[in-house]
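The structure appears right after this line, and notes come after that.
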Amino acid sequence: MAKKALITGITGQDGSYLAELLLSKGYEVHGIVRRASSFNRQRLDAIYEDPKFREVRLFLHYGDLGESGSLTRLLHEIKPDEVYNLAAQSHVRVSFDAPEYTLDIGGTGTLRLLEAIRQTGQNPRFYQASSSEMYGKVREIPQTELTPFHPRSPYAVAKVCAYWATVNYRESYDMHASNGILFNHESPRRGESFVTRKITMGVAQIKAGLQNKLALGNLDAKRDWGYAKEYVEAMWLMLQQDKADDYVIATGETHSVREFLEESFAHVGLNWEKYVVQDARYMRPAEVDLLIGDPTKAEKQLGWKPKTKFKDLVKIMVDADIELLKAHREGRIKVTA
């Protein structure tokens, strides 16, 4: 019998890649989606259109991390072997404008899901999507599983809450519950309001002559950027271990937003300095200056290593957005890679 997996946040970047990975491994995949007036499941189109997923065992259910009743109901109905909690208000800058909502879904929502698992008496393996933003004002370089947290945004505060809730349920109720402390991971499926995707979409627009300027915030912030499609493999590997634990997933390299700009524009033969302007509206009230992770533990215990280098990741994203723009202009539908 096929294993069953339940994914919250399945319509997001990570959720869609994870669903593809699990389906390729023979899982029956269930996803929780929020009811909305607009249809926001484009990232899942690749699953329905790819010949290798002819027998799609993907099922979507309405539910919400803000409502414990729906979580309990779905757990009873699905009886998953694995639960991946990827849902959150995930935009750091927006979290300053909507702090209560961000904490309720990202922090308390995780607690609701863990408690629903406990109360149903089920014992699925649980993955919590933790974040490098928890380190915030970093205490050491690079950051490891033992580096203290110093969150610098409501988003990071919510993630710290969810992290410790996961640890607490693991220790209190003997749950197989693991935290993946993922550093920045990007792809052509990254949300359009995130800085990397904003850059690559801007490059495509400028190259096509449809845009003259690109407004950004802090260009000096440094991040550890990897490829999201590879990072979901680490999520799955965590739940295949005999013992639950917490892991940093990162490349061990750091690059600034400025470097991302340089690589993106250079890839299409343009000088970024002619087009980019800084805008105070995109600055955070409290900035995180430098994040760089040490993935040694994941390499040793999970056998996981990042494969895609920074420059290659930038090229993948720029090329995808150039093709996406071309497809829109020609009236075609583009499924991102």
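Tabulated values for the structure
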item: Expected-Rg normalisation [2.2 N^0.38 Å, Cα atoms] applied to region 250-314; result: 1.46
item: Stokes-Einstein translational diffusion, region 142-231 - Kirkwood Rh over all Cα pairs, 0.890 mPa s, 25 °C, in µm²/s; result: 152
item: Solvent-accessible surface ranking, highest first, for Arg281, Arg189, Arg332, Arg258 at 1.4 angstrom; result: Arg281, Arg332, Arg258, Arg189
item: Helix axis angle, 228-238 relative to the chain longest principal axis, alpha carbon, degrees; result: 20
item: R0 of 30 Å, Cβ-Cβ distance Leu210-Arg281: FRET efficiency to nearest 0.05; result: 0.85
item: Formal net charge of residues neighbouring Ala2 (Cβ-Cβ distance under 13 Å; K, R +1; D, E -1); result: +1
item: Surface share of carbon and sulfur [accessible, 1.4 angstrom probe, percent] for the chain; result: 48
item: 20 Å binning of all Cα-Cα separations within the chain, expressed as whole percents from 0 upward; result: 31, 60, 9
item: Net charge contributed by nearby residues that have their C-beta within less than 12 Å of Val288 (K/R +1, D/E -1); result: +1
item: About the Cα centre, charge dipole magnitude for the chain (Lys/Arg +1, Asp/Glu -1 at Cβ), debye; result: 620
item: Dipole axis of the chain (+1 Lys, Arg; -1 Asp, Glu on Cβ), positive-most option in Val92, Ala156, Pro124; result: Val92
item: Accessible surface, the chain, averaged per residue in Å² (probe 1.4 Å); result: 45
item: Sequence of Glu115, Glu82 from largest to smallest accessible area, 1.4 Å probe; result: Glu115, Glu82
item: Diffusion constant of region 279-337 at 4 °C, which comes from Stokes-Einstein with the Kirkwood Cα-pair radius and 1.567 mPa s, µm²/s; result: 84
item: Order by protection proxy (mean Cβ within 10 Å, highest first), peptides 267-273, 154-160; result: 154-160, 267-273
item: Highest to lowest packing among 24-33, 92-101, scored as the average C-beta count within 10 Å; result: 24-33, 92-101
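The values are calculated or read from the model by the stated rules, or taken from the named source; none is laboratory data. Keep in mind that what you see is a predicted model, and the values were worked out from it rather than measured. Neighbour counts run over all protein chains shown; Cβ positions are idealised from the backbone, glycine included. What goes into the accessible areas is simple: the full protein's heavy atoms, side chains included, and nothing from ligands, DNA or RNA. Shrake-Rupley method; radii C 1.70, N 1.55, O 1.52, S 1.80 Å.
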